[in-house]
1. How many residues does segment B:277-293 contain that are more than 7 Å from chain A (Cβ to nearest Cβ), in contact (Cβ under 8 Å) with a residue 24 or more places away in the chain and out of contact with any Ser or Thr (no Cβ under 6 Å at 6 or more places or on another chain)?
2. Of all residues being assigned to a loop (DSSP other than H, G, I, E, B) and surrounded by fewer than 23 Cβ atoms within 10 Å (Cβ to Cβ) in segment B:234-262, which is farthest from the other protein chains (Cβ to nearest Cβ)? Just the residue, please.
3. Just one of A:Val260, A:Val244 is under 18 Å from the mean Cα position of the chain (by Cα) and under 15 Å from A:Thr186 (Cβ atoms); which is it?
4. Quick one: in segment C:46-91, of everything that is of a type in the set (Val, Ile, Thr) and within 30 Å of B:Ala174 (Cβ to Cβ), which residue is modelled with the highest pLDDT?
5. If I filter segment A:256-298 down to residues being polar (S, T, N, Q) and at the interface with chain B (Cβ under 7 Å from one of its Cβ atoms), which single residue comes out as nearest to B:Glu262 (Cα to Cα)?
6. Answer yes if at least one residue in segment B:138-157 is more than 14 Å from chain A (Cβ to nearest Cβ), part of a loop (DSSP other than H, G, I, E, B), surrounded by fewer than 24 Cβ atoms within 10 Å (Cβ to Cβ) and free of Cβ contacts under 8 Å to residues at least 40 places away in the same chain, and no otherwise.
7. Within segment A:280-314, take every residue that is free of Cβ contacts under 8 Å to residues at least 12 places away in the same chain and over 21 Å from A:Ala196 (Cβ atoms) and give me the one that is surrounded by the most Cβ atoms within 10 Å (Cβ to Cβ).
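The values are calculated or read from the model by the stated rules, or taken from the named source; none is laboratory data. What you see is a predicted model, and the numbers here were worked out from it, not measured in a lab. Here the Cβ is made from the backbone with ideal geometry for all residues, glycine too, and neighbour counts use every protein chain on show.
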Amino acid sequence: MTSKIPIILDGDPGHDDAIAWMLAKASDKLEILACTSVSGNQSIEKTSLNARRVMTLLGIDAPFAMGREEPLHGEPIHAANVHGETGLDGPALPEPALEPEPVTAVELMAKTISASSEPVTIVATGPLTNVGALLILYPELKPKIAHISIMGGGLAFGNWTPAAEFNILIDPEAADVVYKSGVPLTMAGLDVTLKALVFPEDFERIRALGNRVAVVVAEWLDFFYNFHRSLGYTGAPVHDAVAVAALIKPEILTARDYYVQIETSGDFCRGATVADHYGFTNQPPNTHALVDIDREAFVDLLAEAAAWYGKESE
Amino acid sequence: MTPIPVILDCDPGVDDAIAFLLAKQLPQLNVLAITSVAGNVGLEYTTYNALGLLEFLDWDIPVYRGASGPIFRKRVEAAEVHGSNGMAGFDLPHTRREVEGINAWDAIHKYAVEQQGSLEIIAVGPLTNLAMAFLKYPDLPHLIKRIVIMGGAASEGNATPAAEFNIYADPEAADIVFCAGVPVHMCGLDMTMKALMTPTELDQIAALGSKQAIFFRDVVQDIVVFMSKLGITGINMHDPAAVLYAADDSIFKAYPAGIRVETKGSITQGKTVTDLFSDAKWPKNGFVAMDIDREAFVKRVFELMSKY
Amino acid sequence: MAQKIIIDTDPGIDDAMAILAALHSPDIEVLGLTTVFGNTAVEFCSQNALRLVELEGNEHVPVAQGCGQPLVHDITSFSAGVHGKEGLGNTDLPLPHGKLDPRHAAQFIIDTVMANPHEVILAPIGPLTNIAMAYRLEPRIAPLVKEVVLMGGSAFAPGNITAVAEANIYHDPHAAEVVFAAPWKVVMVGLDVTTRIVMTPEYLEKLYAAGNPAVQLLEKIQPCYQAFHEQLYGMKGAIHTHDPAVIAYLLKPELFKCEDMPVYVVTEGVCIGKTIADKHHHIFSSAQQRKGIGEEGGVAAVERPSTTIPLQADEASVLDLLFKLLTNN
């Protein structure tokens, strides 16, 4: 029997976070130990409510704790134009079947990691505020963090600003802590996630599966694509799900190992992820950076996961 | 078709030298003058090399001396790439030519006025001279049609991970130039790292037999060695690509973009921050060259060198 | 022998007083006025400079217009609340007759210094943009300039335009950095000393009573400046003596107690425009290996000569000196 990878899901659902969590729950390779929310796509209250609703929809049986509204440094920024007023606009979702734990997200992460007999992998699909705070407050737990798989950054380009991708831009100081921590890091940045496009015909394939989760996922994709279409995209880039795909089917991804630094200052470059392509810094690589993906295999992965929920309810 | 009146602002520099060889033969360009700047090596060397190259090519155009260092920063050099004399140790022919009596920035303004708005600048070194000219002459932006630079990069760096050398050497000057109001065509590393010539192709140039063709192959050999240590076989023709782009951009792919220079980030100083499609939607102030048809480029270089 | 000076200026109410005092002095030869943006737009500053040379028959003094913007950034606002929209207290004076020198201010400075080696003192009393430009355009002027005596900055006193920055430096911190780092002698007459030299309403009344065209102009334009001092500092009719202190220093440096130390200018962040007077030489010695500006959160770690900073003055004597200058014809 292959042992499952114990994971903590840390995100700011968010349509693509929710789809990532859907992918994680359906996989027999992962065991979800805890879920935590971070402020980003929307305010912490909204992302936390969304997280609990998504956990209920997917049947994730694990504790949940809330993060904080502010990044480590600076003012919060949100993406209501992408994810809507609730942060997860679109299909109706069930009322949450669980309350948040009476501890902060960071404390829940620390407790979970401490208590686990195996090192834990953190899947971070939002700004890195919780992960950064965890590494600062509990440095002794680093040996028990197997891996951090993030959706964030962009080595070639940004999206929210020309140089920075949204998750890193919201909390560059936290990202800096993560990238300097020495913990093994897989980075699903815009370089790969903009290739992880799901097209309208793929939405139909998922919707046709008919189970409750599949229908909701298809509607999330509808909403998410609507925003992206106005920017000229031909499909929905399901960024966050790539961070999960990297754990369950790494063979569909191409990666390069780089030394990556985070810019926290500057007029235009705050939040930039800067990779040393040519090795000028002589620093050892700290990031397993995903640069390409087999799009069709990725869509198959999502469809298979959505189908799993139909079998589950049988 | 009337050739474009241009001034070549440069810091020879090995690939600047190749750019000279090609610029002289390009029928689309009418190079009115050379302006020198400190960059790859110090101003004394770059000016001396510019004069020497003109002597070597029997090319009768004036040289105007420019800035000896960046506007604010301490001078940085690339002597490990271009050699301590900026010409890989080669001795260019002695010349009685001298620099002209006025400074580079005054010359740029003078020619811009004379050309009544059709003057273009090709700048393949740090942008200090152009920035000084814009600071001194508020009317200058209206008199320059466009600026083609070898410098910057949308997605990478060579001086540091984020910054290309010419921009890194004087980021404040570069930002002044990008904000001056003249369209800037950025031939940066995104394109020039694809403008590779292989050792075989270099030998084919030398086989043309002229002293210029042989010089072309020989002067770049130290850089070929330098590049091989980075895992690259051959030499990236940065400045020559920019000059060819200025003459005829049909073998290149360039896209409109909003471009500003980061002058303050501790890791990203000197980065040309390029907005092609971000949500921030910066106003477009120039173009960034992202691709080149390498084979066609090499063919063009060969054709131009055959004229010697 | 009279000291040869170029006054680089953004008139400006206290600039006006300084310029008139200099023009009155037999011991100062004003070789030219060069104008810069600052208290208001450079075009207004140039008009005011022309008015000042014409006021009492000094039309032979050339006026050259300089930079309308700081070197690197765009100017965001002028100090209209302090000096009035047109720089002379919103008094709408008649237009001057004279014409500007055709050269850019920086070129005028270069030409004049090169023609009078080791003799010319640069007396900047506005943002340092022209001075930095002149040096960058022609670095050879540095050893040929006798000294640079500027009004600007603050070693240890609070700022005036922000909590930490003085206005002239704040308006172009990059230019200030160039000036303080260049290899020439700089005297920084800053807020440490200028805010202690107070012209009371009684002093000003006595000044105006002399009745010459200079003090008559000052009487007309001063109220705007007095109102600003009332509003910001609660000084009832009194004003600080910024720019004129430079003229006093030129004529009688012995009235000032000075210390020498390197000065660094912060070019970014919350403290932008602050002049760091590094009394114990911390900055360069701790940053020997680094290069370039922007390395330490906006402070260059580049070794530089020490600046002479007046920290105290015999205020009564300075006021007396200025009084005598302005009231004689």
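1. Residues meeting the conditions: 10.
2. Start the filter on segment B:234-262 by keeping residues that are assigned to a loop (DSSP other than H, G, I, E, B), which leaves B:234, B:237, B:248, B:262.
Checking which are surrounded by fewer than 23 Cβ atoms within 10 Å (Cβ to Cβ) leaves us with B:234, B:248.
Numbers: B:Gly234: 15, B:Asp248: 28 Å.
Among those that are assigned to a loop (DSSP other than H, G, I, E, B) and surrounded by fewer than 23 Cβ atoms within 10 Å (Cβ to Cβ), it is B:Asp248.
3. Working: A:Val260 fails: under 18 Å from the mean Cα position of the chain (by Cα).
So the residue among A:Val260, A:Val244 that is under 18 Å from the mean Cα position of the chain (by Cα) and under 15 Å from A:Thr186 (Cβ atoms) is A:Val244.
4. Quick first cut of segment C:46-91, residues of a type in the set (Val, Ile, Thr) only: C:53, C:61, C:63, C:72, C:75-76, C:82, C:91.
Checking the rest, the ones that are also within 30 Å of B:Ala174 (Cβ to Cβ) come to C:72, C:75-76.
Values: C:Val72: 81, C:Ile75: 66, C:Thr76: 65.
The residue in question is C:Val72.
5. Going through segment A:256-298, the residues polar (S, T, N, Q) turn out to be A:261, A:264-265, A:273, A:281-283, A:286-287.
Now drop any that are not at the interface with chain B (Cβ under 7 Å from one of its Cβ atoms), which leaves A:261, A:265, A:281.
Values: A:Gln261: 16, A:Ser265: 10, A:Thr281: 20 Å.
For segment A:256-298, the residue satisfying everything is A:Ser265.
6. First pass over segment B:138-157, keeping only residues more than 14 Å from chain A (Cβ to nearest Cβ): B:138-151.
Right, trim to part of a loop (DSSP other than H, G, I, E, B) and you get B:138-139, B:151.
Still in the list and also surrounded by fewer than 24 Cβ atoms within 10 Å (Cβ to Cβ): B:138-139.
If we keep only those that are free of Cβ contacts under 8 Å to residues at least 40 places away in the same chain too, we end up with B:138-139.
Yes, segment B:138-157 contains at least one residue that is more than 14 Å from chain A (Cβ to nearest Cβ), part of a loop (DSSP other than H, G, I, E, B), surrounded by fewer than 24 Cβ atoms within 10 Å (Cβ to Cβ) and free of Cβ contacts under 8 Å to residues at least 40 places away in the same chain.
7. Initial filter on segment A:280-314 (free of Cβ contacts under 8 Å to residues at least 12 places away in the same chain): A:280, A:282, A:296, A:300, A:311, A:314.
Subsequent filtering for residues that are over 21 Å from A:Ala196 (Cβ atoms) retains A:280, A:282, A:311, A:314.
Working: A:Phe280: 14, A:Asn282: 7, A:Lys311: 9, A:Glu314: 5.
Among those that are free of Cβ contacts under 8 Å to residues at least 12 places away in the same chain and over 21 Å from A:Ala196 (Cβ atoms), it is A:Phe280.
Table: residues versus (1) modelled with pLDDT under 95; (2) outside any loop (DSSP other than H, G, I, E, B); (3) farther than 18 Å from C:Ser154 by Cβ.
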| residue | (1), (2), (3) |
| --- | --- |
| C:Glu259 | no, yes, no |
| C:Tyr264 | yes, yes, no |
| C:Val270 | yes, no, no |
| C:Gln288 | yes, no, yes |
| C:Glu303 | yes, no, yes |
| C:Gln312 | no, yes, no |
